[in-house]
Amino acid sequence: MANFGNGTWLLLDYDRNKKLQEAKDADGKALFAGQADVLADARAAALAVGGTPVDRPEDIEIHPRTGEVYVSLTNNSKHGNYFGQIIKFREDGDDWAADQFLWEVFAVGGPQSGFASPDNLIFDPYGNLWMVTDNSDLGSNPIKGFHGNNAMFFFPTEGPNAGRAYRFAVGPREVELTGPVWSPNGRTLFLSVQHPGEDSESLDNLTSSFAAKPGTRIPRPTLVAIEGFPGWRSA
């Protein structure tokens, strides 16, 4: 478990962390009797040892060249974080076994950046970051005013434009784009299109006809392939 206040990793190991052995509930009863209990409720164990709560971590990816770890934090409307952010951290001495790390915010969602609710992340073979969003049930949410449909964004990770979001693709209505995967040569991007028209009231009142079979209007989830990336590197 990470403590972002002091940049340390905390062990969720009952035998080696006394805080887990001493943790008690509101009635004074021990929270954990052993490692099995710790694993069964890792969230409670993390809070017991001083881990830092973060806003809906959805994906974790490692930069293929620097070894930095990128994490998408989708949002948390309960305390006003409607837009989410992407953070990154680096282990002390680039040692995966280190118990300390440095971290920083890589990109912040909102009207100034054009994206909100970062979800799946993926790096291309050249070290650029790609991200898809997960905005749903917008209602009066301020995301609705600037974001529109869920989309895919491109981020350089180095140079003067590092962390700047570029909108690359926009999904159909009521779709979540998800599961991006690159071909080994970096020239084809595969992307899943989930539940188009999911808010339709009925088959007679559909809000989308995306990928419908000929002769019907019923939308279907789809896997798409986007090709044509020869020779590009970074924005």
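The values are calculated or read from the model by the stated rules, or taken from the named source; none is laboratory data. Note that the structure is a prediction, hence the values are computed from the model and not measured. Cβ placement follows ideal geometry from the backbone for every residue including glycine, while neighbour counts extend to all protein chains displayed. All accessible areas refer to the heavy atoms of the entire protein, side chains included, with ligands and DNA or RNA removed. Shrake-Rupley method; radii C 1.70, N 1.55, O 1.52, S 1.80 Å.
Out of 136, 183, 117, one residue alone is more than 15 Å from the chain's Cα centre (by Cα), hydroxyl-bearing (Ser, Thr, Tyr) and modelled with pLDDT under 95. It is 183.
The rows are residues; the columns are (1) of a type outside the set (Val, Ile, Thr); (2) without any contact (Cβ under 8 Å) to a residue 60 or more places away in the chain; (3) surrounded by fewer than 18 Cβ atoms within 10 Å (Cβ to Cβ).
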{"site": "40", "(1), (2), (3)": "yes, yes, yes"}
{"site": "45", "(1), (2), (3)": "yes, yes, no"}
{"site": "56", "(1), (2), (3)": "yes, yes, yes"}
{"site": "63", "(1), (2), (3)": "yes, no, yes"}
{"site": "74", "(1), (2), (3)": "no, no, no"}
{"site": "84", "(1), (2), (3)": "yes, yes, no"}
{"site": "90", "(1), (2), (3)": "yes, yes, yes"}
{"site": "105", "(1), (2), (3)": "no, yes, yes"}
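Checking each residue in the stretch 196-209 for being under 25 Å from the mean Cα position of the chain (by Cα) and crowded, with 16+ Cβ neighbours inside 10 Å picks out 196, 197. So, residue 76, is that one more than 27 Å from residue 180 (Cα to Cα) and not aliphatic (A, V, I, L, M) or not? No; evaluated as a whole, the condition is false for this residue. In the stretch 12-38, the residue that is nearest to residue 50 (Cα to Cα) out of those that are touching a Gly at 6+ places or on another chain (Cβ under 9 Å) and open to solvent by 100 Å² or more (accessible area, probe 1.4 Å) is 19. Where strands (runs of 3 or more DSSP E) sit wholly within the stretch 141-208, those with at least 2 residues that are within 12 Å of residue 115 (Cα to Cα) occupy 151-155, 166-170.
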